Amino acid sequence: MQKKIARAALALAVVGGLLATATPSTAASTGIKAGLKIAIMPKAVNIGYFTAWNQGAQNACKEIKAKCTYVGPTEATGPAQVQFINKIIQQHYNVLVISAADQNAIVPSLKKARAAGITVVTSDADVADASARTVAVLPSAADRIGTAEVDWIAKATGGKGKIAVLSAAATAANQNTWIAAMGPYLTSKYPGMSWVGGTVDKSTFYGDDDATKSTAQFDAILAQYPDVAGIISPTTVGVLAAAIEKKAKHAAVKVTGLGLPSDMAPYIEDGTVEQVGLWNPIDLGYVAVYAAGLANAKKFTGKVGSSFKAGTKTYKVVKGGIAYLGDPYVFDKSNIATFKKIY
Amino acid sequence: MNRFSLTWDKGIALLLVVVTVVGIFGVPYFGSTDNISFILQDIGEIALIALPMSYLIIAGEIDLSVASALNLSSATIGVLFKNGVPFGWAVVGGLVTGLVCGLINGFLVTVVGLQSLAVTIGTLALYRGLGYALLGNNPVNQMPDAWTSLGYSNIPGTFFPFVTILLVLFGALFWIVLHYTPFGRRVFAIGVNPEAAKFSGIPVARTKMVLFAATGLMSGVAGVVYTLRFASASPDGAVGYELAVIAAVLFGGVSIAGGVGTLWGVLASVLVLGVVRSVLQLSNFSANALLIVSGALLLISVVFPRASEMIRAGRKAKSGN
């Protein structure tokens, strides 16, 4: 664990440099006054994903010349987070950027923080009550997570052939939402492509987020539909199992989905898989700090329809007071070497 | 032994004074009125359950299911409210749930005759499981503001949170009963020697039953406080609180072997733990350091009395020669 974090930190320094050069933005141009006291609070410290998230936040902090502190509990629970929210209220921070460990339990505390004049922005995980924060900065709209995966498989197959889905459990709510969005999108956007079973529902196989079961389901798809051209697996366990099995069986079927860069690196590097995607915690932290800094400077209201700039991109607030980063972040041969070290 | 535990209690009280003074003069923002309110809210549930837990441990028993009972009480409030029961009655339902949890523990220990450690490890899982069964994956929120503001705001015109009223009332009640009534003396007698207590006519089983019921009921009270403070009921609430409660009781000078302890020692201990955490947090110690310090404090509280006992025994043996 320690080693992993140290390794991540090293890699992040590199990425941080890249990001900083890619997004030339100065405090002067944003209108955010220098020296803001910002708290960056993860669900829990000691987690690699949040270390990356914080690194993105720190990059933004450097650009807006803010004093950012990474602070949070060791256990990812609402009550544990509340103690730290109280601390930042006490210490008169200007801004709180938080990934909510509990969507309800921290609401009263966040409202207290807002009442004390602290600008609150949720990032990565939102709270149930939108009035407890100015805006939420989240990865991608649920629909877009599904449709982006269709775009990736279309790219891999050249927009032709029959497609199947290798999902997690049949009851997995997230996956079901994404898969529902894939169905009509594929048939309307890509006339050369179709679902192996006619509809997306009849083309979805369930590996229950279990490596062995996912592998068996991958084989089942090939056996049942020898003409399958591509498999989308919207789960990190499934897409890894599919990549391993594809390589072992020398299967021609194309594979993509939501994958962890560290898991998928060997298969992207050797060409088994062209690309996978996932959200990028570095961007999440980076954008959230800008949203919070600008809101604190009254340059951004957080209201639906309002927008703000972070780095070179502009983000718009949509229904529910949420700003989405946009498309899931894509990992391919060009960037996998960097990201496999991060998460 | 008795004389020593008194010393320990005084030590805790002294520590409370020292840490508070250091905090006020050495740590920015510690002495603010807001912070006093935060500390009291923070220790509320732990203190409320530590009161009856002190009795139980003094009587030689223990209840590990308190956090699960707290959570089940909170879940009951949530489910009742979600299904249209007025919030006031949902709160009553939560209190009854806590009481029933305690009665079940008491029944299994005093009537069936099982070890309280084993029984309450079982009910720890059982009550937690029932909480999950009641709420599933759907925490209840949007509770009426009139109620939830009792959980997180101060008594108007003061910097004391509403939970202070419960802490003072129950603190006084449990103190008086333990140290100034025959019932309290019975609790000590049972802890020192249950057999002797039985032969001297003390209704041991009935007394223990009352203690378990009181612990359950106070877990229910803490469940109400918890629900209001976090304005929600979720199946994974208050995880690990049983250890925080027992740590506070032991650190307050109650002997895990039973028969020894004072209520004011426990109250001082709960306050010390809250104040120390606040001082460390406001001194910008990391969460990891906080974990280490609270673990070390607990270890000291267990090791120190034992060590000084051994030293004293060693001296006695020497002077005997």
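The values are calculated or read from the model by the stated rules, or taken from the named source; none is laboratory data. Source: prediction; values computed, not measured. Counting neighbours? That spans all protein chains shown, and the Cβs are built from the backbone with ideal geometry, glycine included. To get the accessible areas, we keep the full protein, side chains included, count just its heavy atoms, and leave off ligands, DNA and RNA. Shrake-Rupley method; radii C 1.70, N 1.55, O 1.52, S 1.80 Å.
Treating each Cα of segment B:97-214 as an identical point scatterer and summing with the Debye formula, the log10 of I(q)/I(0) at q = 0.12, 0.18 Å⁻¹ comes to -0.69, -1.06. Peptide packing: for B:72-79, A:113-120, the average count of neighbouring Cβ atoms within 10 Å per residue gives the ranking B:72-79, A:113-120, highest mean first. How big is the C-alpha Rg of segment B:170-283 next to the rule-of-thumb value 2.2 N^0.38 Å, as a ratio? This ratio for segment B:170-283 stands at 1.24. Per residue, segment B:198-274 exposes an accessible area of 29 Å² to a 1.4 Å probe, with every protein chain left in place. For a paramagnetic label modelled on A:Asp210 (point 7 Å from Cα along Cα→Cβ), amide N atoms under 18 Å away belong, within segment A:155-191, to A:166-173.
Take segment B:48-158 with all the other protein chains still there, run a 1.4 Å probe, and you get 40 Å² of accessible area per residue.
Largest accessible area first, the residues A:Ile244, B:Ile39, B:Ile155 order themselves as A:Ile244, B:Ile155, B:Ile39 under a 1.4 Å probe with ligands, DNA and RNA left out.
Residue order by solvent-accessible surface for B:His179, A:His250, A:His92 is A:His250, A:His92, B:His179, largest first, with ligands and nucleic acids left out and a 1.4 Å probe. In whole percents, the pair-distance distribution calculated for chain B from its alpha-carbon pairs, binned every 20 Å from zero, is 31, 57, 11, 1.
Residue by residue along A:83-91, Cβ atoms of other protein chains within 10 Å of the local Cβ number 6 on average. Gyration tensor analysis over the Cα atoms of the protein assembly as shown returns equivalent ellipsoid semi-axes of 52, 30, 24 Å (largest first, whole Å). Estimated purely from DSSP H runs of n ≥ 4, each contributing -39500 (n - 2.57), the mean residue ellipticity at 222 nm for the protein assembly as shown is -19500 deg cm²/dmol once divided by its residues.
Could you tell me the calculated FRET efficiency between A:Ser262 and B:Arg185, based on Cβ-Cβ distance and R0 = 45 angstrom, to the nearest 0.05? Don't skip to the answer; put the middle values down first.
Working: r = 64 Å, r/R0 = 1.42.
My answer for the efficiency is 0.10.
Considering every alpha-carbon pair of segment B:1-62, the percent of pairs per 10 Å bin, from zero through the bin containing the longest distance, is 18, 33, 33, 14, 1. Build a GNM of chain A with springs between Cα atoms under 10 Å apart, and of A:Gly326, A:Gly192, A:Gly230 the one that fluctuates most is A:Gly192. Accessible surface for B:Leu108 stands near 50 Å², nearest 10, in the context of the full protein assembly shown (1.4 Å probe).
Given the Cα-Cα distance of B:Ile24 and B:Val239 and 0.36 nm per residue of separation, how much length would full extension add, in nm?
On the way: separation 215, 0.36 × 215 = 77.40 nm, distance 3.13 nm.
Fully extending the segment from B:Ile24 to B:Val239 adds 74.3 nm.
Computed from the Cβ-Cβ distance with R0 of 56 Å, the FRET efficiency linking B:Thr7 to A:Ser131 stands at 0.60. Counting only protein chain heavy atoms and rolling a 1.4 Å probe, the accessible areas of A:Glu75, A:Glu149, A:Glu274, A:Glu245 rank, largest first, as A:Glu75, A:Glu274, A:Glu245, A:Glu149. Taking the charge dipole of chain B about its Cα centre, with +1 at Lys and Arg Cβ atoms and -1 at Asp and Glu Cβ atoms, the residue from B:Asn105, B:Ser74, B:Pro305 reaching farthest to the positive side is B:Pro305. Kirkwood's formula applied to the C-alpha pairs of segment B:60-102 gives a hydrodynamic radius of 10.5 angstrom. Compute the acute angle (0 to 90°) between the alpha-carbon long axis of helix A:78-90 and the principal axis of greatest extent of the alpha-carbon atoms of chain A; round to the nearest 10°. Once rounded, one gets 30 degrees. The A-B contact accounts for roughly 2100 square angstrom of buried accessible surface, both chains included, probe 1.4 angstrom.
Taking each residue in A:244-253, count the Cβ atoms of any other chain within 10 Å of its Cβ, then average. What number comes out?
Details: counts 0, 0, 0, 0, 0, 0, 0, 0, 0, 0.
Going residue by residue through A:244-253 and averaging, the value is 0.
Here segment B:263-318 exposes an accessible surface that is 74 percent carbon and sulfur, computed with a 1.4 Å probe and the other protein chains kept in place.
Compute the separation of the alpha-carbon centres of segment B:200-225 and segment A:128-143 and state it in Å as a whole number. After rounding, the separation between the Cα centres reads 45 Å. Computed 3J(HN,Hα) for segment A:65-77, one whole-Hz value per residue from the Karplus formula 6.51 cos²θ - 1.76 cosθ + 1.60 where θ = phi - 60°, is 6, 9, 9, 9, 10, 8, 9, x, x, 8, 10, 7, 10, glycine and proline marked x.
With the simple model of a label 7 Å out from the Cα in the direction of the Cβ, B:Glu195 to B:Thr33 spans 5.9 nm. Taking label positions 7 Å along the Cα-Cβ direction at both A:Lys155 and B:Asn137, the computed distance is 3.0 nm, reported to one decimal. Spherically averaged projected area of the convex hull of Cα atoms, chain A: 16.9 nm².
Estimated from the Cβ-Cβ distance and a Förster radius of 25 angstrom, the FRET efficiency linking A:Lys299 and B:Phe285 is about 0.10. Counts of other chain beta carbons within 10 angstrom of each beta carbon in peptide B:278-286 average 3.
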